[in-house]
Amino acid sequence: MTKAEAIAAMQQGKKVTFKYFTGNEWMTINKNGHFEMEDGAACEQHIFWAYRTDPSWDEGWEIYE
């Protein structure tokens, strides 16, 4: 799925993973609107994307199950 589709899924409360993540890594959007990772770490969305500007981040997302 695309980055936009992954963000939409997280806004619906789903967890997503990415092709560069390890098998147990995922992220979602918490009640504050921040990205929250599987280890409980959270950051503002714009900070997460500030370090991930390469077009390779635009595709390769999937629902974490």
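How much accessible area per residue does the chain have, counting only protein heavy atoms and a probe of 1.4 Å, in square angstrom?
Details: 4240 Å² over 65 residues.
Per-residue accessible area for the chain comes out at 65 Å².
Under a 5 Å amide H cut-off, with hydrogens placed 1.01 Å from N, TYR64 pairs with LYS15, VAL16, THR17 among residues at least 5 apart or on other chains. Multiplying the residue separation of ASP39 and THR22 by 0.36 nm and subtracting their alpha-carbon distance yields 4.8 nm. Segment 9-37 and segment 49-64 have Cα centres spaced 12 Å apart. Please state the relative contact order of the chain as a whole percent: Cα pairs under 8 Å, 6+ residues apart? Reported relative contact order: 43 percent. Of the chymotrypsin sites (Phe, Trp or Tyr not before Pro) in segment 29-65, the ones in a loop by DSSP (not H, G, I, E or B) with at most 11 other beta carbons within 10 Å are TYR51. Shape class for the chain, computed from the alpha carbon gyration tensor (a ≥ b ≥ c): rounded, with a/c under 1.5. Remark: the chain carries a charge dipole of roughly 140 debye about the Cα centre, counting +1 on each Lys and Arg Cβ and -1 on each Asp and Glu Cβ.
The values are calculated or read from the model by the stated rules, or taken from the named source; none is laboratory data. Being a predicted model, the structure only gives us computed values, none of them experimental. Using ideal geometry, Cβ is built from the backbone for each residue, glycine included, and neighbour counts are taken over all protein chains shown. Remember, those area values only see protein heavy atoms, side chains included, never the ligands or the DNA or RNA. Shrake-Rupley method; radii C 1.70, N 1.55, O 1.52, S 1.80 Å.
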